[in-house]
Amino acid sequence: MNTLFREIRDTPLLWLLVFVPVVFAVEKLSPESHTLLFVLSVLAIVPLAALLSHATESVAAKTGDAVGGLLNATLGNLTELVIALTALRAGQYALVKASIAGAIVTNTLFMLGASFLLGGLKYHVQEYNRVSARLQAGLLFLATIALLVPSAVFSADSATAFNHKLSIGLAVLLIVTYGLGMLYSLKTHREHFASEGPAAHGEAKWPINVSLIVLAGVTLLVALVSEVFVESVQMAAETFAMTPAFVGFIVVALVSAAAEIASVFSAARKNRLDLSVGIALGSASQVALFVAPVLVLLSHFIGPTPMDLQFWPGAVVMILIATLTASLVTNSGRSAWFVGVLMLMVYLIFAMTLYLLPPRVA
Amino acid sequence: MNTLFREIRDTPLLWLLVFVPVVFAVEKLSPESHTLLFVLSVLAIVPLAALLSHATESVAAKTGDAVGGLLNATLGNLTELVIALTALRAGQYALVKASIAGAIVTNTLFMLGASFLLGGLKYHVQEYNRVSARLQAGLLFLATIALLVPSAVFSADSATAFNHKLSIGLAVLLIVTYGLGMLYSLKTHREHFASEGPAAHGEAKWPINVSLIVLAGVTLLVALVSEVFVESVQMAAETFAMTPAFVGFIVVALVSAAAEIASVFSAARKNRLDLSVGIALGSASQVALFVAPVLVLLSHFIGPTPMDLQFWPGAVVMILIATLTASLVTNSGRSAWFVGVLMLMVYLIFAMTLYLLPPRVA
Amino acid sequence: MNTLFREIRDTPLLWLLVFVPVVFAVEKLSPESHTLLFVLSVLAIVPLAALLSHATESVAAKTGDAVGGLLNATLGNLTELVIALTALRAGQYALVKASIAGAIVTNTLFMLGASFLLGGLKYHVQEYNRVSARLQAGLLFLATIALLVPSAVFSADSATAFNHKLSIGLAVLLIVTYGLGMLYSLKTHREHFASEGPAAHGEAKWPINVSLIVLAGVTLLVALVSEVFVESVQMAAETFAMTPAFVGFIVVALVSAAAEIASVFSAARKNRLDLSVGIALGSASQVALFVAPVLVLLSHFIGPTPMDLQFWPGAVVMILIATLTASLVTNSGRSAWFVGVLMLMVYLIFAMTLYLLPPRVA
């Protein structure tokens, strides 16, 4: 356990962990302070997500390459998944869908854009392996297309029965694809994905027992804090004049990706753009191929009614723009600060649009 | 004629020719067995398409490069054209349009995807000439854009007079473009397209008189079988619970491309992906630039009313996704099995969506 | 002043300047001859645009690299801006928006396509620097995406207040991006954009005082002729059976880009495709990032009511197709005549569609 405490002491981000007990205390004492609870739960989730990510990597590092890679890939978006599950149980499907869409857009436009900007401020031109970047951007493009076919092809008012059957079939296909994708990236063609492994983080690894305890404990904490978050978010959004679409798309996506964002930025500053591109695009693909279909399938067991994979048209457009941008931008294998500025600008425009959105549209 | 019989004996696919007389017999004896007639006509069209393709190549090989190339290019989608003409004469415009859209999507997603998968199971990474692949993908993209402008820009309920004038103008422009494209690929820049020629198939060529007789005779047979096919398809679709969109988009497209599919797959297994990519993308371009406009122009003479080039929105989205995917995927000039899996998955999702579609939508 | 007259004598295009006084004379004597005035004003704007462009370059050449580049970039679309401002003051927002959309499409599809065709008729295959072409196509793609987010994400009937707030925020973001883009292309990464400078034109430069007088005088003349043009265009369009969308999208865009078109074509014939691609894509980006937002912001001061950035869906599709085409086509860094034919064909199809359009749609 000492390793854990030492880590917390040395990582300023983890000092935010102090907000975890505070959230629970405030929830007990003043369950009606929605805005305060919202802010506190956001502040508490960020360090928990970082711990979760670190614990996953530690377990992965100890269990050997194959199982480790599998774990890393599957639990990489665990925070996102837990928050979405909480929202699913509360029947807040608009929030769940907005957070899926937002995760893909945030991973591509924000993470990648900010990496290019941060890296570009330090290095004149940054080069990275365009062959594997193109491959990953291609996979992401196809993964999001697969996710979006029902929404892109039919309008939301199509027959509900049709939608549900299609969503289940689609979810199964996506998960099969995801499984084959792991076979591909972890086994048959691992050399193309080598640099993404946990070794990238120079930090000391925890012993396996600490890692497993942290993994279990922190997942539970994330689940508990998520409950506060999901309950308070609707009221808090009104206070801050934020639309639900903005909360799901921007706030939830940024909060739950905090740990990855930190890794990606640090890699970019070290001129290791291959790693940044790999994490950003890989994580976005995972949301489309794994998180989204798992949520659809689980909605048949834990939600009040089944959830389909029908996104509102604006979200479809934003996701397509984001992945198409990722494809076009990573195509050249080189970047400079202004490319990052442009990507962040598109992200900012999305955020501004969602913020100003009349509530009834989304 | 012996060459022809020897060829049939040695090619198991051609044994299916036995179903040609069977179709006519059953149609005479039991014209109401729509489902049986549908299955038989499908089984009969597949070997006829293969013969047609082979006869075209033989004629092309004998008539010298320029005329031969022209013949090959023009008659390459002859089966598709004959089936569509039959449907056109019967006034089944939804089927005609679905088969145009389906041919483009099948050529790109299915043919290319399955080639990448089949080739990738045998070779770790397959490389192909990305310069000419990009060129062809670019041509295909522009060809489909040209085809889709009216549907993409205006909704189906725009004034009919406007639609018909636009469709005729568009058809003329597309055919002019097609003519210039042949000048380009057969004359001024033939070196970029060299490997696609008939020499690719190692099979012995027939004498010119056999080829011409086969070409004429088989075209007639395809036309006759198509009539049975088009008549029975609607009823049979109901039996199999298939939507008309599914039949046109998937079944007709796969049936009429059977011969090309065989060539493309065989090339992929021989690590000749240049050839696979060339046939798949070239054939898709041809449907957009030649088959579709010819059908529009002919509809003014043989159909009950003129046909326009307005596709339903779902088909537009699917075509655009397919050609965009072809562009992005062939961009790197290398493929591995998982790229094929992803493309097939998107195709499968399209098929599933069309299968589950509530009938009134398409 | 002699230099100016010598230049006019040697450049046949500038002989059209004779139409400038003719326009004003006809307007005085016969203000009701709308069709005649329309034709005359078009003929007068073309040489004025050429002079304006030449004067800008001369001033830029004299004021040193940094200020010169800034001037060149900002005033490069001055004709376009002046015409649009005149239409804005007259409250013809449909015309303004159509001319913004048309400028982007004309710069990419028409200028680039015709360059590829003209160059390709002379050279078998033309190669150009694909790294900088990709960079510029990527910037253009992101610039147009940023411009189109509101239209792509929401339908035109969304709340007006929302639209106006969003349009102002967007305009500010676009101009900030434009400023950063100039910092990038003129300062931090100027080496990627070096060849686009004024030195490209081999013509003798005017003295600074001549240039400044010409710049001021010609801008005034363009403004005055634009007024005649905008007033007469509606009536003339009816005479020629042209829709307003066609006039804005095609006629205005071609007229105001006349000078650039001449430069781009001449570079293509000299096998300097880098220059053609740079001018065409750079100018299109500038319309999206500078001209459009400036018009929105100015509409709050000079128009009858504020203008938003909501484009009609057909325009959105056309702009996206144009920039996506530019990305895909410039991707390979090589071109041949048929690529140009295909791009021009898409442009022609757009033009035909807009021409045949039932008036109420656009």
Quiz item: Taking the stated definitions as given, is B:Ala268 under 13 Å from the mean Cα position of the chain (by Cα) and either in a helix (DSSP H, G or I) or of a type outside the set (A, V, I, L, M, F, W, C) (or both)?
Solution: no
Self-check item: Residue list for segment C:264-282, filter: closer than 18 Å to C:Asn129 by Cβ and polar (S, T, N, Q)
Solution: C:Asn271, C:Ser276
Quiz item: Cβ-Cβ below 7 Å, separation at least six or inter-chain, first residue in segment B:120-146 and within 18 Å of B:Leu109 (Cβ to Cβ), second in a helix (DSSP H, G or I) and among the charged types (D, E, K, R): which pairs?
Solution: B:Tyr128/B:Asp274
Self-check item: Check on B:Val252, touching a helix residue (DSSP H, G or I) at 6+ places or on another chain (Cβ under 8 Å), touching a residue at least 60 places away in the same chain (Cβ under 8 Å) and surrounded by fewer than 24 Cβ atoms within 10 Å (Cβ to Cβ)
Solution: no
Self-check item: Unmet criterion (only one of (1) open to solvent by less than 30 Å² (accessible area, probe 1.4 Å); (2) more than 7 Å from chain B (Cβ to nearest Cβ); (3) at pLDDT 80 or above) for A:Ile145
Solution: (2)
Quiz item: Would you pick out the residues in segment B:105-141 that are among the aliphatic types (A, V, I, L, M), open to solvent by less than 10 Å² (accessible area, probe 1.4 Å) and closer than 23 Å to C:Gly340 by Cα?
Solution: B:Ala133, B:Ala137, B:Leu140
Practice problem: Run down C:Ala216, C:Ala241, C:Ala237 and say which single residue is outside any helix (DSSP H, G or I) and either open to solvent by 30 Å² or more (accessible area, probe 1.4 Å) or farther than 20 Å from C:Leu81 by Cβ (or both). | Solution: C:Ala241
Quiz item: What about C:Ser285, is it hydroxyl-bearing (Ser, Thr, Tyr), within 12 Å of another protein chain (Cβ to nearest Cβ) and in a helix (DSSP H, G or I)?
Solution: yes
Practice problem: Would you point out the residue of segment C:165-183, among those that are within 21 Å of A:Val339 (Cβ to Cβ) and facing chain A (nearest Cβ under 7 Å), that is most open to solvent (accessible area, probe 1.4 Å)? | Solution: C:Leu180
Exercise. Go through segment B:19-33 and count every residue that is open to solvent by less than 40 Å² (accessible area, probe 1.4 Å) and either touching a residue at least 24 places away in the same chain (Cβ under 8 Å) or within 13 Å of B:Leu224 (Cα to Cα) (or both).
Key: 2
Quiz item: For segment C:311-332, what are the residues that are at pLDDT below 85 and more than 9 Å from every other protein chain (Cβ to nearest Cβ)?
Solution: C:Trp312, C:Thr330
Practice problem: Residues being more than 9 Å from chain B (Cβ to nearest Cβ), open to solvent by 10 Å² or more (accessible area, probe 1.4 Å) and either within 19 Å of B:Ser327 (Cα to Cα) or of a type in the set (Gly, Ala, Ser) (or both): count how many of those fall in segment C:333-362. | Solution: 2
Practice problem: Just give me the residues in segment B:118-142 being part of a helix (DSSP H, G or I), touching a strand residue (DSSP E or B) at 6+ places or on another chain (Cβ under 9 Å) and modelled with pLDDT of 85 or more, in sequence order. | Solution: B:Gly119, B:Gly120
Quiz prompt | Filter pass, B:Phe311 being over 16 Å from A:Leu142 (Cα atoms) and crowded, with 22+ Cβ neighbours inside 10 Å | solution = yes
Quiz item: Among A:Thr11, A:Thr56, which is the only one that is open to solvent by 40 Å² or more (accessible area, probe 1.4 Å) and polar (S, T, N, Q)?
Solution: A:Thr11
Quiz item: Can you name the residue in segment B:240-261 that is among the aliphatic types (A, V, I, L, M) and more than 13 Å from the chain's Cα centre (by Cα) and, of all such residues, is modelled with the highest pLDDT?
Solution: B:Val247
Quiz item: For segment B:292-303, does any single residue satisfy the condition of being in a helix (DSSP H, G or I), under 24 Å from B:Ala133 (Cβ atoms) and either of a type in the set (Asp, Glu) or open to solvent by 10 Å² or more (accessible area, probe 1.4 Å) (or both)?
Solution: no
Quiz item: Given the residues C:Phe290, C:Phe301, which is the only one that is more than 11 Å from every other protein chain (Cβ to nearest Cβ), free of Cβ contacts under 8 Å to residues at least 24 places away in the same chain and not basic (Lys, Arg)?
Solution: C:Phe301
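The values are calculated or read from the model by the stated rules, or taken from the named source; none is laboratory data. Bear in mind that the values here come from a model prediction, so they are computed numbers and not experimental data. Positions of Cβ are backbone-derived with ideal geometry, glycine not excepted, and every protein chain shown enters the neighbour counts. Surface areas here come from the heavy atoms of the whole protein model, side chains and all, with no ligands, DNA or RNA. Shrake-Rupley method; radii C 1.70, N 1.55, O 1.52, S 1.80 Å.
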